Structure formats: structure tokens, C-alpha cells
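To start, the structure under review is shown below, and the notes come after it.
The values are calculated or read from the model by the stated rules, or taken from the named source; none is laboratory data. Remember, predicted model here, so these are calculated numbers, not experimental data. With ideal geometry, Cβ positions are generated from the backbone for all residues, glycine too; neighbour counts draw on all protein chains shown. Accessible surface is based on the protein model in full, side chains and every heavy atom, while ligands, DNA and RNA are left aside. Shrake-Rupley method; radii C 1.70, N 1.55, O 1.52, S 1.80 Å.
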Amino acid sequence: MATPSATFTEVVSTTLRHTQRRLVDNVTKHNGLLTLMKERGNIKTDAAGGYEIQIPLSYAENATYQRYSGLDILNIGQSDVITSAKYDWMQAAIHVVSSGRDLKMNASKEKMISWANSRIAVALAPAANNMSIDIYSDGALANQIGGLQAAVTADGTGTYGGIVSGTYTFWKNKFKEISGDAAYATLKAGMNELWLATSRGTDKPDVIVSSHDLYAMYEAGLQDNQRYMKADMAALGFEALKYKSASVIFDDNTNFGTTAELMYFLNTKYLYLMEHPEARWSEDDDKVPVNQDAVVVPLYWMGNLCTSNRSLQGMLKDAPDS
């Protein structure tokens, strides 16, 4: 006869297996930006192996283009136009935990299913909340991914992906600061300017992630124009406005709260959440602590937020009030 701990592990494993992407979906759907990236197919698992995540990128045009006639000598010199941005593998873990006492109290199969599902639900919430925080972080905390504050800075500078943007200016993101007492007209003018700076032909931002204050100001300016509502984002469960062809959404966590006073102009074509295929909140064997009456089922994640084109990302920031 299976022990309560063995039954618990079996139920947890079965539940996670039968809803294979449940945990990932809960993490993704908790965050509007991650949801858009998932819809675009930019949550990727093709960077397995190696000490770092390497994202190839081109930073200059091929210099061998020339116009010629007849037997003119052609330029066959090699053009150094390809480099790589490099990102560290970062790790996170959550655990589905139950004490031996609770396992014995829920020993029947029916009770165990209910108990295991409740333990899984308890694990889902902090995973979603903390991943949302990390996506907007600067990566300053120990073992934290480099989030948007690292990728898109207020002055375009900083070392990101192992590339110093002050030295290699092709790697600088765009930025615009508006006055600290900005009204809607000032905000719209700043948005228009940054939009042009982050647009290149058909390449343009597809999402603008705004803090609550600037979102509220933008929404108030469009209040009577229902055509500005973004229907496809509403279908995904998020309230969104429209600016030109981009969705305008807001998010709320400790790194991106109501006092942030900024907007990220993002081209998610070049923005990826890279995940190791063997650590996508993947279940490991259950563990039994040597000094506790409990069973622990670990779930592991490994990856980082990466970009292959920083110059097409932008930040609009409201200056501090004078």
C-alpha cells in the first residue's frame, strides 16, 4: 500500500503532467508583456547548453556593396558585422510542500487530490508574482534576471548583454524625458517623438508598457474615443488602449508601481524570454528532509530576458517635479 507521501507525490506529478503548461501559463498570463511575447512566440527554449545565452546580432552594414562596370576590381574584403550579446543563465525555484501531519490527515485518494491541488495553487501565486517583478527589474538582486530596467535605461547607457553601449552606440536604446508637470498634450508629443525614434520602416513598437499615472493620463485624453481600445489584448484578459499600431498596457508590482512615471516603447520582435528546455518550471524528484516530517516536490526554472536589438527599444520618462 502506498504511503501518504508517495500518494501526494504521485498526485502532484499527475496533476502537473496532465496540465503540462499550467504553471508556465499562470506565470505568463499574470503579466501582459509576457503574454504578448508568448503570443509572438518569443518565449524560447533553443539556447540550451553553454555557460551563457548567446544572441547573435548584426551591428553594421556589409561594406562590400559597390557599384561597378565591366572588369572593375570588386571589394571582397570581409566585413565584421556580426557579434553576440551574452546573458547569464539565472535560476529560480519553487516547491510544492506538505508536512507529514497533513499528509496523514488527507490520506484518502479523494482528500489527497484536493490537498495536492491546493499545494500546487499555493506555489503558482508567488511564482507568477515574482516573475512579474523580475521582468521589470534591473537585475540588482542576487541571482535575478536582467529585466526591462537593465535592458532599457533612462539615458540609453549601461552594459547590457556584455556590450558597453557608451562605447558601442549601436547598442543604446532610445529615450525621451518630458516635463515633470506633464499634461496630456505634453505626453502625446513625447510619445510621438519617441515613436519616430524607435521606428525603422515596418519595424516599430508593438507594445507600450506604462506605469499607472501615465496610463491614466493617456486614457483620460482618449476617454471619448472607444476606437482606441485594443480588442485583441482584451481577448487575452488585459485592458489595453491603442497608440498607432501598438497596444498600451499597464502593470503593477514593486518595481513598476504607480510612482514609476514612465513608458517602455518595446519592439517584442527583438525581445525574448529564453528558457532552458529542462528547467521551465520543471518538476524534479521529490525530496524528504532529514530533519523534518515533510515531503518536497521542487520545480526549477532557468533562463533570462534577452534582446537582439536594443536600439529599437525606448523609454519615455516623466521628469521629477521641480
- [ ] Give the residue that is nearest to A140 (Cα to Cα), with candidates limited to residues of segment 88-118 that are of a type in the set (S, T, Y) and without any contact (Cβ under 8 Å) to a residue 60 or more places away in the chain.
- [x] S118
- [ ] State whether one or more residues within segment 51-66 are at pLDDT 80 or above, part of a loop (DSSP other than H, G, I, E, B) and surrounded by fewer than 16 Cβ atoms within 10 Å (Cβ to Cβ).
- [x] yes
Open item on the list: For segment 161-218, give me each residue that is hydroxyl-bearing (S, T, Y), under 19 Å from S247 (Cβ atoms) and open to solvent by 70 Å² or more (accessible area, probe 1.4 Å).
Closed with: T202
- [ ] Exactly one condition in (1) closer than 21 Å to W89 by Cβ; (2) open to solvent by less than 70 Å² (accessible area, probe 1.4 Å); (3) modelled with pLDDT under 90 is not met by N130; state its number.
- [x] (2)
Open item on the list: Just to verify a result, which residue in segment 299-322, among those that are more than 23 Å from N143 (Cα to Cα) and in a strand (DSSP E or B), is most open to solvent (accessible area, probe 1.4 Å)?
Closed with: K317
Open item on the list: Can you list residue pairs whose Cβ atoms sit under 8 Å apart, with the first residue in segment 259-272 being within 16 Å of S245 (Cβ to Cβ) and of a type in the set (V, I, T) and the second being modelled with pLDDT under 90 and not in a loop (DSSP other than H, G, I, E, B)? Count only pairs 6 or more apart in sequence or on different chains.
Closed with: T268/L33; T268/L36; T268/M37; T268/R40
Open item on the list: Out of everything in segment 134-149 that is among the hydrophobic types (A, V, I, L, M, F, W, C) and crowded, with 17+ Cβ neighbours inside 10 Å, what residue ends up being farthest from S211 (Cα to Cα)?
Closed with: I145
Open item on the list: Any residue at all in segment 132-141 that's of a type in the set (D, E, K, R) and in a helix (DSSP H, G or I)?
Closed with: yes
Task: Residue, nearest to Y136 (Cα to Cα), within segment 179-189, restricted to residues that are of a type outside the set (K, R) and at pLDDT 90 or above - done: L187
TODO: Check whether at least one residue in segment 78-96 is modelled with pLDDT of 80 or more, charged (D, E, K, R), within 28 Å of Y300 (Cβ to Cβ) and open to solvent by 80 Å² or more (accessible area, probe 1.4 Å), and report yes or no.
DONE: yes
- [ ] Answer yes or no: is there a residue in segment 107-115 that is outside any helix (DSSP H, G or I) and not polar (S, T, N, Q).
- [x] yes
- [ ] Please go through segment 258-298 and pick out each residue that is in contact with a His (Cβ under 7 Å, 6 or more places away or on another chain) and open to solvent by less than 20 Å² (accessible area, probe 1.4 Å).
- [x] V297, P298
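Residues checked against (1) touching a Cys at 6+ places or on another chain (Cβ under 9 Å); (2) on the phi < 0 side of the Ramachandran plot; (3) of a type in the set (A, V, I, L, M, F, W, C); (4) modelled with pLDDT under 90:
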| site | (1), (2), (3), (4) |
| --- | --- |
| N143 | no, no, no, no |
| K172 | no, yes, no, no |
| M191 | no, yes, yes, no |
| A197 | no, yes, yes, no |
Open item on the list: Can you report the number of residues in segment 97-115 which are in contact with a strand residue (DSSP E or B) (Cβ under 9 Å, 6 or more places away or on another chain) and at pLDDT below 80?
Closed with: 1
TODO: For segment 192-211, enumerate the residues that are closer than 16 Å to M37 by Cα and out of contact with any helix residue (DSSP H, G or I) (no Cβ under 9 Å at 6 or more places or on another chain).
DONE: none
